[in-house]
Amino acid sequence: MNWIHMALLGAVAAVGLAMYGFSSHPGDGADPALPLAEANYVLGDDIDDYNDFMMSGGPPPDGIPSIDDPVFIDAAEADLEPGDKVIGFYHGGEARAYPQLIMVHHEIVNDQVGGLNVAVTYCPLTATAQGFERGETTLGVSGQLLNSNLVLFDRDTRSYFSQINATGLRGEHRGETLSEVNLVWTTWERWRAAHPDTRVLSENTGHLRNYSRDPYGSYNPVGGYYGQDRTMFPLMHSSNRHHAKEMVVGARNSDTSVYFVRSDLAREQVQTAGGFLAVYEPNLDTGYIYFVGDDVPEVTPLGEGSYELGGEAFQAGDLPLEQLVPVEAFYFAWHAFYPDSAHP
Amino acid sequence: MPTAVQTLASILRLPFYRRVVVVSGGVYLILFLIALQDISRGGRAFQFLTVPFSRMFERTGALTFEPIAQLTLPGLTILISPVNVLIGLGISLLVGLNLAITWLAFRQPRACRFNRSTGVLASLPALLAGGACCAPAIVLILGLQVSSLLMGVFQVLIPVSVVLLVITLKLILDRTNPELLASQEYRGTSPAAQ
């Protein structure tokens, strides 16, 4: 066997090794424990089309390792700048902050907060932080992308789920919607002010990474990929209506979807579109969305995130209306999944 | 007729070409590890962390693997992934050898039975090997859009570049005359040597 034969043999073996991860799809199993939504979300496209469009982002399944045994520290110990982005979650009297600089390297934390088993998920390419009840299973990063967005899988049934539409793409849970919890995409300064006793995800993740660096760019200040009016991967639907990386607050139910541009909502405080009502919460710089149908109530801002409805004052997140789980996302990503979304 | 290995040994007996291999291979290895982000900016205080050795075979990409040690210095973080380093060393050695014989072909075309421009073609696989490690980083920096076809190409760039590096090395070594190299005239460390 001469050199060239050996080189060709080696290359075939290397390509085989490289392709193994992409062809090895998770297998079958039973997972009655994974909590699902009572009603499935509306989808912008057929699930077969999603599967056809899904593509490898590079890593194999679990090549981006989720954090499965998270360690938390007190707020005073956290080495964070006031303007650093964090994902906040509050449940059952416990507050958690997941720094974006850690999440960008892992994308999923399988956690238990206030007695609830949740998966905190984050996709850096679409700026989406979404929480899902996970029951007794854990969620992992599949390495596949759909419209630049994270495709995750549950480790029991090995079903694949799209993050933004929270719906199964293949496997036992195809077409079924995960049970979502409300996460907040905000800054460390704002989250800490709202929840001084918050615990913070530690860099002691069980994995070795450079947690002082974001490979895509920066949020504090905004730079790199996060500020560019360009996207990296093909999209099923695209639009120039807004800057690609404009942050929108979207929501969907079983029939329809909506988005509000966050900066517009911050200016106007209350917006309505397509039977949805959105109110701005200034302390966390976020929005809450309610489904009101044709009977749009009169909601008046009182300042400091407080609103008057029917003669009573409520906080932005406590209006006595049908509240949906809001998703903050780059505009291009929301539009790619929900091109027919209502908007103001 | 000497074998390619014998010819290579003859070339590497000359200190100048050994230096070309070591320097170009070393530079390539560092660039390779930077492109994989195993060497990156950022880091606050001195710290050395490890995880179990068994993690070294867990894949993070098509042909990239988990680090098992991390050295953090003020302003610099080095992740030590033995498999990445091994792959990088292999490609770096091939790149270094190709560049050394490219240099030989350019400076002393008679010894290689090539004209100069043909000899320089030997450096093309080395450039492709450069693309193999840097392409994803370049895409990210320039904000280019990546199709599924291009993602597929990225997955095989490293093995393809290794094959091309071996083939060009073999082809040029077969056309190199080590006896001419042995003469004082072809020890060529300066332009005057020709």
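The values are calculated or read from the model by the stated rules, or taken from the named source; none is laboratory data. None of these values were measured; they are calculated from a predicted model. Cβ atoms come from the backbone with ideal geometry, glycine included; neighbour counts cover every protein chain shown.
Given (1) closer than 30 Å to B:S148 by Cα; (2) surrounded by fewer than 20 Cβ atoms within 10 Å (Cβ to Cβ), identify the lone condition not met by A:D285.
Only one criterion is unmet by A:D285, namely (1).
Specify the residue that is surrounded by the most Cβ atoms within 10 Å (Cβ to Cβ); the eligible residues are those in segment B:42-77 that are of a type in the set (A, V, I, L, M) and more than 8 Å from every other protein chain (Cβ to nearest Cβ). Reasoning before the result, please.
Residues of segment B:42-77 that are of a type in the set (A, V, I, L, M), as a first pass: B:45, B:49, B:51, B:56, B:62-63, B:68-69, B:71, B:73, B:76.
From the residues that got through so far, the ones that are more than 8 Å from every other protein chain (Cβ to nearest Cβ) too are B:45, B:56, B:71, B:73, B:76.
Values: B:A45: 7, B:M56: 19, B:L71: 16, B:L73: 13, B:L76: 13.
Applying the filter and picking the extreme gives B:M56.
Out of segment A:298-322, which residues are closer than 16 Å to A:V258 by Cβ and either loosely packed, with under 14 Cβ neighbours inside 10 Å or touching a helix residue (DSSP H, G or I) at 6+ places or on another chain (Cβ under 7 Å) (or both)?
A:E322
Which condition from (1) over 21 Å from the mean Cα position of the chain (by Cα); (2) at pLDDT 95 or above is the one that A:G287 breaks?
The number of the failed condition is (1).
Wholly within segment A:103-199, which strands (runs of 3 or more DSSP E) include no fewer than the required count, namely at least 1 residues that are without any contact (Cβ under 8 Å) to a residue 12 or more places away in the chain and surrounded by fewer than 22 Cβ atoms within 10 Å (Cβ to Cβ)?
Working: elements: A:108-113, A:116-123, A:128-133, A:139-146, A:149-154, A:160-162, A:167-170, A:184-187.
Once the strands (runs of 3 or more DSSP E) in segment A:103-199 are filtered for at least 1 residues that are without any contact (Cβ under 8 Å) to a residue 12 or more places away in the chain and surrounded by fewer than 22 Cβ atoms within 10 Å (Cβ to Cβ), what remains is A:108-113.
Among the listed residues B:I80, B:I11, B:I39, which satisfies the condition of being among the β-branched types (V, I, T), within 11 Å of another protein chain (Cβ to nearest Cβ) and in contact with a helix residue (DSSP H, G or I) (Cβ under 8 Å, 6 or more places away or on another chain)? Lay out the reasoning, then the answer.
Working: B:I80 fails: in contact with a helix residue (DSSP H, G or I) (Cβ under 8 Å, 6 or more places away or on another chain); B:I11 fails: within 11 Å of another protein chain (Cβ to nearest Cβ).
None of the others qualify; the one that does is B:I39.
Quick one: count up the residues across segment A:193-227 that are farther than 30 Å from B:F65 by Cβ, among the polar types (S, T, N, Q) and within 14 Å of chain B (Cβ to nearest Cβ). It would help to see each step written out before you state the result.
Looking only at segment A:193-227, we keep the residues that are farther than 30 Å from B:F65 by Cβ, and these are A:193-199, A:220-222, A:227.
Cutting the leftovers down to among the polar types (S, T, N, Q) gives us A:198, A:220.
Okay, now just the ones that are also within 14 Å of chain B (Cβ to nearest Cβ), so A:220.
So the answer is 1.
Could you run through segment A:243-266 and say how many residues are buried (at least 17 other Cβ atoms within 10 Å of the Cβ), closer than 17 Å to A:N147 by Cα and more than 16 Å from the chain's Cα centre (by Cα)?
Residues in segment A:243-266 being buried (at least 17 other Cβ atoms within 10 Å of the Cβ), closer than 17 Å to A:N147 by Cα and more than 16 Å from the chain's Cα centre (by Cα): 1 in total.
Restricted to segment A:12-34, and to residues that are surrounded by fewer than 16 Cβ atoms within 10 Å (Cβ to Cβ) and away from chain B (no Cβ under 14 Å), which residue is modelled with the highest pLDDT?
In this case the residue turns out to be A:A33.
What residue, among those in segment A:204-240 that are without any contact (Cβ under 8 Å) to a residue 24 or more places away in the chain and within 25 Å of B:S148 (Cα to Cα), is surrounded by the fewest Cβ atoms within 10 Å (Cβ to Cβ)?
A:N240
Criterion first (within 14 Å of another protein chain (Cβ to nearest Cβ), in a loop (DSSP other than H, G, I, E, B), crowded, with 21+ Cβ neighbours inside 10 Å and modelled with pLDDT under 95) does A:P65 satisfy it?
Numbers: within 14 Å of another protein chain (Cβ to nearest Cβ): yes; in a loop (DSSP other than H, G, I, E, B): yes; crowded, with 21+ Cβ neighbours inside 10 Å: yes; modelled with pLDDT under 95: no.
Spelling it out, it is not the case that A:P65 is within 14 Å of another protein chain (Cβ to nearest Cβ), in a loop (DSSP other than H, G, I, E, B), crowded, with 21+ Cβ neighbours inside 10 Å and modelled with pLDDT under 95.
Taking segment A:35-60 on its own, how many of its residues are modelled with pLDDT of 95 or more, outside any helix (DSSP H, G or I) and among the charged types (D, E, K, R)?
2
What's the total number of residues in segment A:68-102 that are in contact (Cβ under 8 Å) with a residue 40 or more places away in the chain and of a type in the set (G, A, S)?
Here the count works out to 6.
Going through segment A:228-242 one residue at a time, which ones are facing chain B (nearest Cβ under 10 Å) and of a type outside the set (A, V, I, L, M)?
Those that are facing chain B (nearest Cβ under 10 Å) and of a type outside the set (A, V, I, L, M): A:Q228, A:D229, A:R230, A:T231, A:F233, A:P234.
Of all residues in segment B:85-96 being within 12 Å of chain A (Cβ to nearest Cβ) and crowded, with 17+ Cβ neighbours inside 10 Å, which is nearest to B:T168 (Cα to Cα)? Walk me through how you get there before you give the answer.
Filtering segment B:85-96 for residues within 12 Å of chain A (Cβ to nearest Cβ) gives B:87, B:90-91, B:94.
Applying the additional criterion that residues be crowded, with 17+ Cβ neighbours inside 10 Å yields B:87, B:91, B:94.
Values: B:I87: 19, B:I91: 13, B:L94: 10 Å.
Per the stated criteria, the residue is B:L94.
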